[in-house]
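Have a look at the structure below before the remarks.
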Amino acid sequence: MDDLYREVIIDRYKTPHYRGRLDPHDIAFEDDNPLCGDHIAVTLRLDGDNRVSAAAFDGHGCAISQASADLLMESVVGKTLDEVKALTKQDVLDLLGIELGPVRLKCALLSLKVLKAGAYGLGEANDELVE
């Protein structure tokens with residue numbers, strides 16, 4: 001089963017479905033992981049009911065960070081802003097479907113940290129958002 005998930009990660013890294021920047025957008029936030037150089041920018045468009053009607057990410061980094069961002073953007077479309085704020089580290093790990101060590105975990109969770117900082121309207125992201 002791990003091989004199937006690895007294939008999904010490589011596929012999403014090479015041909016992401018949600019790469020880009022939305023213009024116009026209602027929420028935008030970006031941050032990086034200074035330890036490895038990964039960078040993620042997230043833009044969201046909300047409908048009148050505060051549901052995510054469109055989501056996109058942009059940035060650069062390793063396969064895990066980019067695939068994680070792509071899968072996460074796909075998963076938030078249709079969710080309310082409150083549901084986005086309630087997403088957890090485990091939700092991202094479930095999307096990826098493989099075990100990750102501490103260094104790769106930071107890569108995988110960067111998009112969640114950026115997404116939640118944007119959803120909460122924070123001036124800066126912090127690791128407490130994904131714990």
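Tyr13: over 20 Å from Lys106 (Cα atoms), in contact with a helix residue (DSSP H, G or I) (Cβ under 6 Å, 6 or more places away or on another chain) and aromatic (Phe, Trp, Tyr), yes or no?
Working: over 20 Å from Lys106 (Cα atoms): no; in contact with a helix residue (DSSP H, G or I) (Cβ under 6 Å, 6 or more places away or on another chain): yes; aromatic (Phe, Trp, Tyr): yes.
No: the conditions fail for Tyr13.
Test each condition in (1) closer than 17 Å to Val130 by Cβ; (2) surrounded by 19 or more Cβ atoms within 10 Å (Cβ to Cβ); (3) modelled with pLDDT of 95 or more for Ile64 and report the one that comes out false.
Single failed check for Ile64: (3).
If you take the residues of the range 77-107 that are aliphatic (A, V, I, L, M) and in a helix (DSSP H, G or I), which of them is surrounded by the fewest Cβ atoms within 10 Å (Cβ to Cβ)? Don't jump to the end; show me each part of the working.
Going through the range 77-107, the residues aliphatic (A, V, I, L, M) turn out to be 77, 81, 84, 86-87, 92-93, 95-96, 98, 100, 103, 105.
With the extra rule that they be in a helix (DSSP H, G or I), the set shrinks to 81, 84, 92-93, 95-96, 103, 105.
Numbers: Leu81: 20, Val84: 24, Val92: 24, Leu93: 17, Leu95: 21, Leu96: 21, Val103: 12, Leu105: 17.
Checked the range 77-107; the qualifying residue surrounded by the fewest Cβ atoms within 10 Å (Cβ to Cβ) is Val103.
I'd like the residue in the range 6-49 that is charged (D, E, K, R) and in contact with a Lys or Arg (Cβ under 7 Å, 6 or more places away or on another chain) and, out of all such residues, is farthest from Glu99 (Cα to Cα).
Filtering the range 6-49 down to residues charged (D, E, K, R) leaves 6-7, 11-12, 14, 19, 21, 23, 26, 30-32, 38, 45, 47, 49.
Subset that is in contact with a Lys or Arg (Cβ under 7 Å, 6 or more places away or on another chain): 26, 31.
On the way: Asp26: 34, Asp31: 24 Å.
That would be Asp26.
The values are calculated or read from the model by the stated rules, or taken from the named source; none is laboratory data. Keep in mind it's a predicted model, so treat the numbers as computed, not measured. Here Cβ is always computed from backbone atoms with ideal geometry, including for glycine, and neighbour counts include all displayed protein chains.
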